[in-house]
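Presented below is the structure to which this report refers.
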Amino acid sequence: MSGQFASERWINFFTSYGNEMLQAFLRTLSISIIALVLALVLSIVFGVMSMSKNGLARAISRVYVEFFQNMPLLILVFVCYNLFPLINITLEPFAIGCIIIGLYHGAYIAEVVRSGIMSINKGQFEAAYSQGFTYLETMRYIILPQMLTIVLPPTAVQAANLVKNTSVLAMIAGHEIMYAANSYGYSTLNYGPPLVTAGILYFIICFPISTWAKKLERKRDIALEGRGGER
Amino acid sequence: MSMIKTENIHKYFGENHVLNGVDLEIAKSEVVCVVGPSGSGKSTLLRCLNRLERITSGKIYIEGKLIEHRESDKNILKIDPKEVAKMCSELGMVFQRFNLFPHKTALENVTIAQETVKKTSKEIAEKIGLDLLEKVGMAEKANEYPSRLSGGQQQRVAIARALAMEPKIMLFDEPTSALDPELVGGVLEIMKQLALDGMTMMVVTHEMGFAREVGSRLIFMDEGAIIEEGTPDEVFMNPKNDRTRDFFKSIL
């Protein structure tokens, strides 16, 4: 091998930068986990609000979803990093990553939650209401548990997307995988090994999630078939 | 004092005038059977009573207390939502398609509202639940999920579930229409037992045999209005209105 992928380039990269890549990998992982938890919480809150009888709750949920679904992630990250300090809000790139990516994917998963709620038979709501359940109690005890199997596969797909999207933090010195790979390449003009390694690292996180999503999907379809006409 | 009283109820679904000035009064321990062609508004009337649908205009009293008063789809009566929920929970509802919670066992179906709405402890709720399942002949299936039960068995669990909230009035919305013929009898038998126990009941049904044997009053509805009412035998044997006569002719 020669050129960008010559063997000494690999050796140099791993010996001088292996530890940094590992740190960056762990940082990507922790940003992903925190952002995912935030996204899940937001998606349930806004997904439930989107089906509420209260018009204001529905409107707020709609605005949230439309805003984040129609705005490039990178702009949001740049605004937080470059503009917020001007109004005296200074956030670490780590925090910006967790919050913005959490908000961004929360909007997508909220839509998944909403379609999940819509897929539940209207009779389930009526049975709960006629027993004196409030809207929130109906969601908590009757609707959300039933839709878990339905929404889990598309949510897992979103989780994989979320991990990949943490790479935008490279633009604001996020010290995650993409940033680490890029800055090594930039300072050594040795781009091949760090970029390939970065790709492999993202793949290592995302592939199991996607595989899991497919497995869940198959299981769900079998379960729904089994439930048959009674739904 | 009447258990349920409605005054001049109207209900529109868009342009569709589904209830056209219904006045109804049901006394304690009465079993009122409502019959009529499909689209006559009988299910809607039932669903308006416990607010699954909101009336366009009119008044609804439960146990003499005004709980709903609307004109042109606007509330005239302002009432605490908690008060409303409490009133509505005094109306037990049994649905045509059972609507059991599929992720809960038969027993959990009967206990969850007690625990969630009434804050009954798990032990007491389970004891009440098992008693009720026993009453509807489903004690042996307490730990089965609804998907493993027949339609008739599901409907019996659904009746137990409604009874768990200790309703003063039971509303039945075509409770046997979705059942295979051989399963109808068991469900009707339980309803008959309830009636004998003195439960106030309003039953939308096509089961004329049940209406005549158990019903204390038969109401015939058409085009959103009560056309004729009286004792079941009276209405059934000697209908005064042409539409009533045509209807009975058509279902026999």
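The values are calculated or read from the model by the stated rules, or taken from the named source; none is laboratory data. This one's a predicted model, so the numbers in the text were calculated from it and none came from an experiment. Positions of Cβ are generated from backbone atoms using ideal geometry, with glycine treated the same way; all protein chains shown enter the neighbour counts. Accessible surface areas use protein heavy atoms only, side chains included; no ligands, DNA or RNA. Shrake-Rupley method; radii C 1.70, N 1.55, O 1.52, S 1.80 Å.
For the stretch B:40-85, a reduction of at least 40 Å² in accessible area between the chain on its own and the assembled protein chains (probe 1.4 Å) is found at B:Leu52. The coefficient of translational diffusion for chain B, derived via Stokes-Einstein from the alpha carbon Kirkwood radius under 37 °C and 0.692 mPa s, stands at 175 µm²/s.
Close amide H contacts of B:Ala27 (hydrogens built in the peptide plane, cut-off under 5 Å, sequence separation of 5 or more or a different chain): B:Met3. In chain B, the calculated helix contribution to ellipticity at 222 nm averages -11000 deg cm²/dmol per residue, counting -39,500 (n - 2.57) for every DSSP H run with n ≥ 4.
With all protein chains present, how much of the accessible area of the stretch A:3-230 (probe radius 1.4 Å) comes from carbon and sulfur, to the nearest whole percent?
69 percent
Ligands, DNA and RNA excluded, the heavy atoms of B:His10 present near 40 Å² of accessible surface to a 1.4 Å solvent probe. Between A:Ala35, A:Val151, A:Ile117, the Cα set farthest toward the positive side of the dipole of the stretch A:3-230 (charges on each charged residue's Cβ, about the Cα centre) is that of A:Ile117.
What the phi angles of the stretch A:186-195 give under the Karplus curve with 6.51, -1.76 and 1.60, with θ = phi - 60°, is a coupling list of 5, 7, 10, 6, 10, 8, x, x, x, 5 Hz, glycine and proline written as x. With a 10 Å cut-off around each Cβ of B:91-103, the average count of Cβ atoms from other chains is 5. Taking accessible area as the heavy-atom solvent-accessible surface of the protein chains with a 1.4 Å probe, which residues of the stretch A:106-131 lose no less than 30 Å² upon going from the isolated chain to the full protein assembly? Those residues are A:Gln124, A:Glu126, A:Ala127, A:Ser130, A:Gln131.
Within the same chain, aspartates and glutamates fewer than 8 places from B:Lys192 are excluded, and of the rest, those with a Cα less than 14 Å from its Cα are B:Glu30, B:Glu207, B:Glu213. The charge dipole of the protein assembly as shown, taken about its Cα centre with unit charges on the Cβ atoms of Lys, Arg (+1), Asp and Glu (-1) only, comes to about 1000 debye. Within the assembled protein chains, the solvent-accessible surface assigned to B:Met201 is about 0 Å², based on a 1.4 Å probe.
With both residues required to sit in chain B, DSSP beta bridges show an antiparallel share near 60%.
Annotation: amide H of B:Met93 within the under-5 Å range of B:Leu171, sequence separation 5 or more or interchain, hydrogens built in the peptide plane. Total Å² of accessible surface buried at the B-A contact, 1.4 Å probe, nearest 100? For B against A, buried area totals roughly 1700 Å².
If one puts a single equal scatterer on every Cα of the stretch A:38-81 and applies the Debye formula without solvent, what log₁₀ I(q)/I(0) results at q = 0.15, 0.28, 0.30 Å⁻¹? For the requested q values the scattering log ratios are -0.44, -0.95, -1.00. When B:Leu218, B:Leu183 are compared by accessible surface with a 1.4 Å probe, the order from highest to lowest is B:Leu183, B:Leu218.
Highest mobility in the GNM of chain B, judged by mean-square fluctuation with C-alpha springs under 10 Å and restricted to B:Pro232, B:Pro146, B:Pro181, is found for B:Pro181. Accessible surface calculations at 1.4 Å, restricted to protein heavy atoms, place chain B at 44 Å² per residue.
Approximating the spin labels as points 7 Å out from Cα along Cα→Cβ, the A:Gln4-to-B:His17 distance works out to 7.7 nm. Under the criterion of Cα pairs below 8 Å and six or more residues apart, the relative contact order for chain B equals 26 percent. By a 1.4 Å probe calculation restricted to protein chains, A:Arg220 has an accessible surface near 40 Å², given to the nearest 10. Dipole size of chain B about its Cα centre, with +1 on Lys/Arg Cβ and -1 on Asp/Glu Cβ: approximately 640 debye, rounded to the nearest 20.
If you look at the Cα atoms of the protein assembly as shown, you get an Rg and a Dmax of 30.3, 103 Å. When a 1.4 Å probe is rolled over the protein heavy atoms, the share of accessible surface on the stretch B:1-49 that falls to carbon and sulfur comes to 45 percent. Residues B:Asp246, B:Asp222 ordered from highest to lowest accessible area at a 1.4 Å probe: B:Asp246, B:Asp222.
Each of B:Val22, B:Ile67, B:Val35 was placed along the dipole of the stretch B:16-78 (beta-carbon charges, centred on the mean Cα), and the one lying farthest toward the positive end is B:Ile67.
In chain A, helices alone account for a calculated mean residue ellipticity at 222 nm of -25500 deg cm²/dmol, with every DSSP H run of four or more residues adding -39,500 (n - 2.57).
So, for the stretch A:3-230, what is the accessible surface per residue at a probe of 1.4 Å, expressed in square angstrom?
Each residue of the stretch A:3-230 exposes 50 Å² on average to a 1.4 Å probe.
Treating each Cα of chain A as one equal point scatterer and applying the Debye formula with no solvent, the log10 of I(q)/I(0) at q = 0.08, 0.09 Å⁻¹ comes out as -0.40, -0.49.
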